[in-house]
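What follows is a short report on a single structure.
The values are calculated or read from the model by the stated rules, or taken from the named source; none is laboratory data. Note that the structure is a prediction, hence the values are computed from the model and not measured. In this analysis, Cβ positions are derived from the backbone assuming ideal geometry, glycine residues included, and neighbour counts consider all displayed protein chains. Only protein heavy atoms, including side chains, enter the accessible area calculation; ligands, DNA and RNA are left aside. Shrake-Rupley method; radii C 1.70, N 1.55, O 1.52, S 1.80 Å.
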Amino acid sequence: MGRTVFGMVDRQAKRYAADIMTIPANLDGGFGALIGLDMVEFDRAGARSVGRLTVAPEHLNPHHVLHGGVMYSMADQGMGAAVYCVLGEGESCATIEVKIVYLAVVREGVVECESRVINRGKRVIALESDIRNGDRLVAKALGTFAVFPIPAR
C-alpha cells in the first residue's frame, strides 16, 4: 500500500507535494535517504511522527561517535512530518528554528526520533523531539515551524 505525503490525502496537498516528492510519497527518499533515515510512523490524531536510523560508519565524526548533524537532521525531518499532521487544507510549512541539546554519545545501534506538536498557533507551530539510542535519551530538540498558504500556481 502506497503512503501519501505525511498521511495527507487531499488533492491540493498531493499536487503541491508532487513538485517536491514522488507520489505516492517515498518517505525514505530525498534527504532522508541520504542519511539513511526511515520515517516509520505518522500519527495524525496525536500530531507526532517517528523516524529511525541505523548508525553506520559514514554517520560517525572523527571521534567515532554519531555526528550531531545526523541527530539534528532527524529532529528537523521528524518535526516537519509532525507538522503535516496538523496542517489544514491549503497550508504548507517551513522550519523557523531548531535548537538541540546533545545529552549522550552514540557509537552504534539504532537511533529513534519521536517528534510531537506541542502548540499549534495560527502562523507558528512549536514542536519537540526526543532522540533515543535504545532506552537512553541522547538528544532533545525544540523547534518552531512557520505556517503559510500554499502559493497559487
_Charge tally in the Cβ shell below 9 Å around Ala47, where Lys, Arg are +1 and Asp, Glu are -1, Ala47 excluded_ = +3
*Could you order Lys122, Lys99 by accessible surface area, starting with the largest, using a probe radius of 1.4 Å?*
Lys122, Lys99
*Note down the nm distance, to one decimal, between modelled labels 7 Å out along Cα→Cβ at Phe148 and at Arg107.*
4.5 nm
*In nanometres, what is the gap between the two model label sites at Arg123 and Glu41, each 7 Å from Cα along Cα-to-Cβ?*
3.4 nm
_Sparse-neighbour loop sites [GluC sites (Glu not before Pro); region 59-153; at most 10 other C-beta within 10 Å; DSSP]_ = Glu89
_Restricting things to Cα coordinates, could you compute the convex hull volume per residue of region 110-153 in Å³?_
76 Å³
*Can you tell me which of 37-47, 139-149, 76-86 comes out highest on packing, and rank the rest after it, using the mean Cβ neighbours within 10 Å?*
76-86, 139-149, 37-47
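Could you provide, to the nearest whole Å², the per residue accessible area of region 97-153 with probe 1.4 Å?
56 Å²
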*asked:* Counting each pair of different Cα atoms once, what's the Kirkwood radius of region 31-99 in Å, rounded to one decimal?
replied: 13.2 Å
